[in-house]
1. Among Val90, Val74, Val59, Val27, which is the only one that is more than 16 Å from ligand 2 (Cβ to nearest atom) and touching a strand residue (DSSP E or B) at 6+ places or on another chain (Cβ under 6 Å)?
2. It is to be established whether one or more residues within segment 32-44 are touching a Leu at 6+ places or on another chain (Cβ under 6 Å) and either of a type in the set (D, E, K, R) or under 30 Å from Val92 (Cα atoms) (or both).
3. Please go through (1) within 18 Å of the chain's Cα centre (by Cα); (2) surrounded by 16 or more Cβ atoms within 10 Å (Cβ to Cβ) for Gln62 and return the number of the only condition it doesn't satisfy.
4. Quick one: Phe157 ticks every box in (1) surrounded by 15 or more Cβ atoms within 10 Å (Cβ to Cβ); (2) farther than 22 Å from Val59 by Cβ; (3) more than 8 Å from ligand 1 (Cβ to nearest atom) bar one, so which box is it?
5. All but one of (1) free of Cβ contacts under 8 Å to residues at least 60 places away in the same chain; (2) assigned to a strand (DSSP E or B); (3) acidic (Asp, Glu) hold for Glu54, so report the exception by its number.
6. Considering only segment 180-204, state which residues are of a type in the set (A, V, I, L, M) and over 21 Å from Tyr91 (Cβ atoms).
7. Among the listed residues Asp116, Asp93, identify the single one that is over 16 Å from the mean Cα position of the chain (by Cα), charged (D, E, K, R) and away from ligand 1 (no atom under 16 Å from the Cβ).
8. Does Ile145 satisfy the condition of being touching a Phe, Trp or Tyr at 6+ places or on another chain (Cβ under 7 Å), within 13 Å of ligand 2 (Cβ to nearest atom) and touching a residue at least 40 places away in the same chain (Cβ under 8 Å)?
Amino acid sequence: ISMIAQTYAEVYDQLSKEERLEFMAQVEEQGERLRVIIKNLLDFSRPKELQLAETEVNVIIQKTIELIQNMLEVSNIKLILELAEDLPTVYVDEHQILQVLINITTNAIQVMTDMDSGGELRLRSRYLADSDDVEIEISDNGKGIAPEFLDHIFDPFFTTKGDSGTGLGLWVSYGIIKNHGGMIRVESSVGAGTAFFITLPSCKKSKRCPDVSV
Ligand SMILES: Nc1ncnc2c1ncn2[C@@H]1O[C@H](COP(=O)(O)OP(=O)(O)OP(=O)(O)O)[C@@H](O)[C@H]1O
Ligand SMILES: [Mg+2]
């Protein structure tokens, strides 16, 4: 914004009315961008307000689907759902986990929207008995992530989307999952697709679940 304002000040006299309006529109647009960034940062820096409750992962996945259904239809993306039955519950802030799933599925949908057709979004839940975790997998068959970027996608402000991305979605998601005692990792292969794996400790394992005798 300060760069736009500076340029504006320098060239003000040479500009037509339309050009001045165009400059102001840019200021407004970048201001909106800042607003979103600050909102995300504030959302993220309030971990104390975690509203933990015993929750079913499959229910959060269903809520995610309701929210992304329209985007899937518009982009002609097929949804493949593989939800395990009899999953143990988790002890989480449902709203925050929903936010993580929205962030990751939105990235997947964006990358598959660039394809002509044949986009497939896979949402899978399963129980990892060895570690007593519940795993959520979100995978796409989009263009994949270049190996040199893989180590950076969880960094704040890392984006390959230019002005249309803030690069905060995955960073925020990473923080949320860490706050829940979970893990998030990615596997990607250029030309084939990308898979995100989120693990959350089962209610019993988290030892905080009120309704479970440990
Ligand atoms: N499913 C995916 N396929 C390919 N690249 C991905 C995928 N998910 C994330 N990325 C890469 O990781 C980068 C960071 O993602 P992140 O969600 O943090 O930010 P963003 O999507 O660029 O911006 P924002 O989420 O703030 O709109 C993306 O710009 C993209 O390069
Ligand atoms: Mg994103």
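1. Val90
2. yes
3. Of (1) within 18 Å of the chain's Cα centre (by Cα); (2) surrounded by 16 or more Cβ atoms within 10 Å (Cβ to Cβ), only one is false for Gln62: (2).
4. (1)
5. Result: Glu54 passes all but (1).
6. The answer is Val186, Val190, Ala192, Ala195.
7. Asp116
8. No.
The values are calculated or read from the model by the stated rules, or taken from the named source; none is laboratory data. Note that the structure is a prediction, hence the values are computed from the model and not measured. Neighbour counts run over all protein chains shown; Cβ positions are idealised from the backbone, glycine included. Surface accessibility is based on the protein's heavy atoms, side chains included, excluding ligands, DNA and RNA. Shrake-Rupley method; radii C 1.70, N 1.55, O 1.52, S 1.80 Å.
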